[in-house]
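Written below as structure tokens is the structure these notes are about.
Throughout, read-outs are computed from the coordinates displayed, never taken from laboratory work. These numbers come from a predicted model, not from an experiment. All Cβ positions, glycine included, derive from the backbone under ideal geometry; neighbour counts span all protein chains shown.
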Amino acid sequence: MELLKIRTIALLFVFGLALTQCKPKSDSDEETLLLLAAAASKICVNNSFTGSTVVNATATLDTNTDCITGMTSSMSADLPAWIRNNFKCAVGSVSGSNYVFRSQNVPNNKSFYFGTSSPMYVALAGGQKSAGNNQIASQCLVYTIPSSPAAKSGALVGTQSGYASVGITVNGLAIFNNAAAPGDTLATEAQTFDTFNGHPQSSGVYHHHSQPLNVTNNNANLVGVLIDGFPVYGLHCDNGTAGTGDDNVPGTVGPALDANHGHTAATVLFPGGIYHYHFASDATAGINTLIGSSFHGTPGTVSN
Ligand SMILES: [Zn+2]
Ligand SMILES: [Zn+2]
């Protein structure tokens, strides 16, 4: 038992170190994953919400839920329609003035990072390289996100402030900020993205900085919600119409984007208009990203 405690403490320490890093790292990953496996059922209270812990070697896609078999995918009836009808592969609920999402954070797309023994494995695209020995691992992410987001007055909160994740995609996956590990840029790290534009960091947290290709590919689809409660969309704005013929980049549809990748415009899901983010060019990253350096609103909390 004492050994387990020490392991748990070590694991928490590893998590603490790993929060903001997604730089490929290979030296102790295997041990980290073993610790994860040992500790997952001990300290992760998520399982009772999010279903059986996914094991890469046996992971398959459930064709009914379009999520990994065994993962719970449920959105409670009191959530607004824009969440209820679009989010899956996570467990969403309302708690007071917040939305709560719990997620194992395992992608419902094939990935190099499931490992070659997994039915969900697919090779990297030509020219891409592995993020060290990093592999996807089931997580215990809990997001508490304000349900009535508002523009923050005064100094904005940075997206590079040590958050375990800065948002959740409609398919239950972590959104990471526009920064790479120190000494690196995302433009360089993009070489390690899998065929759906995601990759795991050193403790197995699969995430997207760029557009998740399982959700959007240079179109106006809803991508997810950031932890300040504002939605994030793909490259295009939908002009408030279901037809795609009039979709285009912000500035052509709606106002030009601010420094935080956002603008206020009507969308199909928000006919009255709402501030929302877009997948857009980011000077810090050197590539298009889902979020800039600051939140427009006041961020909620994320734990893992
Ligand atoms: Zn990353
Ligand atoms: Zn827009």
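Rounded to the nearest 20, the Cβ-based charge dipole of region 51-145 about its Cα centre (Lys and Arg +1, Asp and Glu -1) stands at 160 debye.
Stretching the chain fully between N64 and R84 yields a gain of 5.6 nm (0.36 nm per residue, less the alpha carbon separation). Cα centroids of region 100-126 and region 184-219: 12 Å apart. Each peptide among 187-198, 238-249 gets the average number of other Cβ atoms lying within 10 Å of its residues, and from highest to lowest they stand as 187-198, 238-249.
DSSP bridge analysis restricted to region 203-304 gives an antiparallel fraction near 75%, rounded to the nearest 5. Toward the positive end of the charge dipole of region 137-267, with +1 on the Cβ of Lys and Arg and -1 on the Cβ of Asp and Glu, the farthest Cα among L186, T159, A242 is that of T159.
Taking 7 Å steps out from each Cα toward its Cβ at T244 and A77 produces label points 3.4 nm apart.
Sorted on the mean count of surrounding Cβ atoms within 10 Å across their residues, most packed first, peptides 290-297, 70-77 read 290-297, 70-77. Computed over the alpha-carbon pairs of region 76-204, the distance histogram in 5 Å steps reads 2, 9, 17, 19, 18, 15, 11, 6, 2, 0, 0 percent, short to long.
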